[in-house]
Each structure stands twice: as C-alpha cells, then as structure tokens.
Amino acid sequence: MCRNLIDVRHLPDGVIKANLPVWSWKNNKQDTSSFKLPCNLVFAVDAFTIQYEFDGVLGLSVPSEPRMCQPYEVGSMADRHTFCDALESPRVLVDQPRQFLIKLNYPDKREICEMNVAKDFLYFGRHFPCTLKPQFTPPIPLCPTEVSGKISCDHWVLAMKSMSLIVPTADGGSSELKINTQEVRKTAGELTEEPTEEPTEEPTEELTEEPKEKPPVNPMVTPLGSSSRPQEELLDAIYVVLDSGSTGTILPSSVLEKIKKVWLENSEDILRQPDNKKIHSYCGPERNLDECDIVFTFIGFSDTEVNFRCPAKPFLKSMARLPSEYGSKQPPTRYCTNLRKPKHSSDFFVLGTNFYWSAFVEHCGPTETGRSTPYVRLAPQRAKLIDGTMGSAEHFQFFRHLPPRFFQPPPES
C-alpha cells in the first residue's frame, strides 16, 4: 500500500441506520433516536496512518462549505463530506448541524454527574443546553491548512502561544508559571538546523558526501488520503488540533520537560525506578493541583491574544496510578499524566480528551449567511451558583422539560 493511504468508498445505495442515545424533551428522559446516515466505508488503511498521534481523522471534522453540501451521489467523494454534512443531507436531522457543543466529564466526576443528570453530551444548536452557564471566550479562528495545493479549514486547528500554571500562594495571591511554546522549542534546539561547515577552496571527500536525509514530517491525513500541512509557519506559536477522540494530549518534548520540572516538580529518582521507566511525568504530592488553574493563550481574530482559563487537574492528571505504586496496600499518591511525547516529527500537536475534561468546546462551522471563517469558543467546566459558590461539572444539568431555545439564556457568570 502507498504511504498515507486511506481508501474510502461511497456506497450510493448504502444507508447506516444508527440508533443513538439522546435526551427526549418530550418524555423528559434519556431515549434513543434513529438516524439514517449515508454510507461511506474505509476499506483499507496503511500502517503509517494507524500510528497517528490523534484519532479523529474520520470524526467530527469541520463541516464543508455550504455550497458543497449536496445530497450524496455517485462520485461525490471528490468533495469532503463530514458527519455534520450527513446530518443535513438530504434533510436536516438536528436543529443546527453546523454548530455543536461538547462536554466530557472527568472520570472521577462521572458518578455524581450521572446522579445530577449532568451528563456528557454532544449538542447541536446555538443555545447553551444547561441551567448553569459559564463564561465563554471570544471566537478563536481556525488555522487554514494546505491539502494538495488547496487552502481550507478541514480540522479544528488552533494556534497556541503559551500555557501557564496558576498556583495559589500563602498570602492569598497566585504565581504564574508560564511556558511559551515556540520559545521553549527553540531554546531546546527542536527547531534549529544542524550546523554546516563553510566550504573550502579545495573540497574534501567529507564535504562531497551525500547529506543525511532528514526524518519525514508526519502530517495530518484527510479521508481522501491527501496530506494536510500548515498554510504558514508560526514564529511565536504552535499548531494544536482539538480532538475529543484522542486519549491524551501531544505536546513538544521541550514543553513536556518544562511541565515535568517546573509545573509538577517531579522527582527524577522516582521516575528512574524500574517500574516507571516508560513514564515521562506524574501528578503527585509535590504539586497540589486541586486549586491550580491553567491559562491557554491562543491567537484570535486580528492576531489578538485569547486567554482561556480552566481547572488544571482534569487536564494534567489521569486516573492511572504510577506503575511503582501498583501492589501497594496504601492509597495511591502519584498518578500518570495525560500528556505524551510525539512519536514523529510533526507540524501539528494535539489537545485531546483531557482538554475536553476541563472545557466546554463550542465548534462553529461555516454557514451560508453570517459566518465564513469557522471558529471555536471555550469555557471552563465551572461557573458561579446563585449562592455565590463555584459550581463544577456536576452542576451543569440539562434543561429537562423543554429544549434550550424555549428559555431565555441566563446571564453569563
């Protein structure tokens, strides 16, 4: 098979009958709804594609341009069709197929969230579906990518400039531990070229040898098998793909080193233990994350900076204990992080499932009127309650009796 190959075939008469779990406002309970979706099947995929750092290649990617959203016909795979497109072709199956909100509950919150009907959800529509509403960021535009010479926004790609851990201090204030993503990479030598010798008047055999081939860059691959690359190189930021299907977050190795040493204050002696030899970093008593926040800084419209602040613990701490603590009769004190190093050189990094554990992510695709540039908005999974205390994931209950559009949205807190 050719490298970077995904063989996707459209079946003109094929229909997938999907019974999906939904919330029924008619019956005020969880129910199932039947969706008839056009059938596109993956017949082949190469080993290189299987090793991607992110999983959402065929998932909830950016809806295509409205003019492209026609009923599926033979040969229609010449254009890119997404799950969102399928929801409006040949007829609209949901309220707003081009705008959707995702909430994923942090694993240690799932039981109480279920009890409070504050479930994980994928909601299509313009209105916020919960009784409690958080503060959203301004829109953050997607970064265009180049696919076979064509510039488009096919993936939820953002430009991220920095990450800061906000740590409370004894005097009631806080300190900021900031990591500038590109600056750290340059300092660590990840972006520097190998030094070359100045040519002499009489070239030697060493100078005439064939140069070593650089390792290939691992691009994103669309369902049509073509590689996606950034439209332009960023000097002060990195490209990150929002992917709710990825099991962790992939960041530059130098950024992960800063997180390990500065944010989490990890002990190298603990990491050198034989059971932990495959573990890069952990969350433990060295840094209490319960009261810490993370501020992500993205590039917004007109090159403005957009700061998104959210709880640090769901993003950093996994539910898997450090291997050296398995078998102990004592409660675990250290857990693996949700962060991973990239397996290949890449133009893109990933904010995966753990990012969605800390955030509401509103995905807004292009529309026929009013919106040509797709964007996202972010909000933390917390907001102030009526009594002035801070509510978290378990307090975001659905509007249980009527759809959200029938309610005057509460003021943003």
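The values are calculated or read from the model by the stated rules, or taken from the named source; none is laboratory data. As the structure is a computational prediction, the values presented were derived from the model and not from experiment. Here the Cβ positions follow ideal geometry from the backbone for every residue, glycine too, while neighbour counts run over all protein chains shown. We work out accessible area using only protein heavy atoms, side chains counted, and drop any ligands, DNA or RNA first. Shrake-Rupley method; radii C 1.70, N 1.55, O 1.52, S 1.80 Å.
Numbers for the structure displayed
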quantity: All positions within region 398-408 that are under 25 Å from residue 109 (Cα atoms) and open to solvent by 70 Å² or more (accessible area, probe 1.4 Å); calculated: 400, 401
quantity: Residue list for region 105-116, restricted to those being open to solvent by 40 Å² or more (accessible area, probe 1.4 Å) and assigned to a loop (DSSP other than H, G, I, E, B); calculated: 116
quantity: Within region 293-339, tally of residues that are of a type outside the set (Lys, Arg), under 22 Å from residue 160 (Cα atoms) and buried (at least 19 other Cβ atoms within 10 Å of the Cβ); calculated: 17
quantity: Every pair of residues 6+ apart whose Cβ atoms lie under 6 Å, when the first sits in region 341-359 and is free of Cβ contacts under 8 Å to residues at least 60 places away in the same chain while the second is in a strand (DSSP E or B) and surrounded by 24 or more Cβ atoms within 10 Å (Cβ to Cβ); calculated: 359/378
quantity: Residue in region 243-270 that is farthest from residue 314 (Cα to Cα), counting only those that are hydrophobic (A, V, I, L, M, F, W, C) and touching a helix residue (DSSP H, G or I) at 6+ places or on another chain (Cβ under 7 Å); calculated: 270
quantity: Tally, over region 143-179, of residues that are among the hydrophobic types (A, V, I, L, M, F, W, C), assigned to a loop (DSSP other than H, G, I, E, B) and either open to solvent by 50 Å² or more (accessible area, probe 1.4 Å) or modelled with pLDDT of 95 or more (or both); calculated: 1
quantity: Which listed residue is out of contact with any strand residue (DSSP E or B) (no Cβ under 9 Å at 6 or more places or on another chain) and surrounded by 15 or more Cβ atoms within 10 Å (Cβ to Cβ), from 342, 366; calculated: 366
quantity: Among the residues listed as 355, 360, the single one being open to solvent by less than 60 Å² (accessible area, probe 1.4 Å), farther than 22 Å from residue 264 by Cβ and outside any loop (DSSP other than H, G, I, E, B); calculated: 360
quantity: Scan of region 375-396 for residues that are in contact with a Lys or Arg (Cβ under 9 Å, 6 or more places away or on another chain) and either part of a helix (DSSP H, G or I) or in contact (Cβ under 8 Å) with a residue 24 or more places away in the chain (or both), ordered by number; calculated: 379, 380, 381, 383, 391, 392, 393, 394, 395, 396
quantity: Looking only at region 268-292, and only at residues there that are without any contact (Cβ under 8 Å) to a residue 40 or more places away in the chain and within 18 Å of residue 177 (Cβ to Cβ), the one that is surrounded by the most Cβ atoms within 10 Å (Cβ to Cβ); calculated: 289
quantity: Answer from 302, 324 - the residue that is free of Cβ contacts under 8 Å to residues at least 12 places away in the same chain and polar (S, T, N, Q); calculated: 302
quantity: Residue within region 214-228 that is touching a Leu at 6+ places or on another chain (Cβ under 9 Å), modelled with pLDDT of 90 or more and either hydroxyl-bearing (Ser, Thr, Tyr) or over 17 Å from residue 350 (Cα atoms) (or both) present; calculated: no
quantity: Every pair of residues 6+ apart whose Cβ atoms lie under 7 Å, when the first sits in region 103-114 and is of a type in the set (Ser, Thr, Tyr) while the second is part of a helix (DSSP H, G or I); calculated: 106/314; 106/357; 106/393
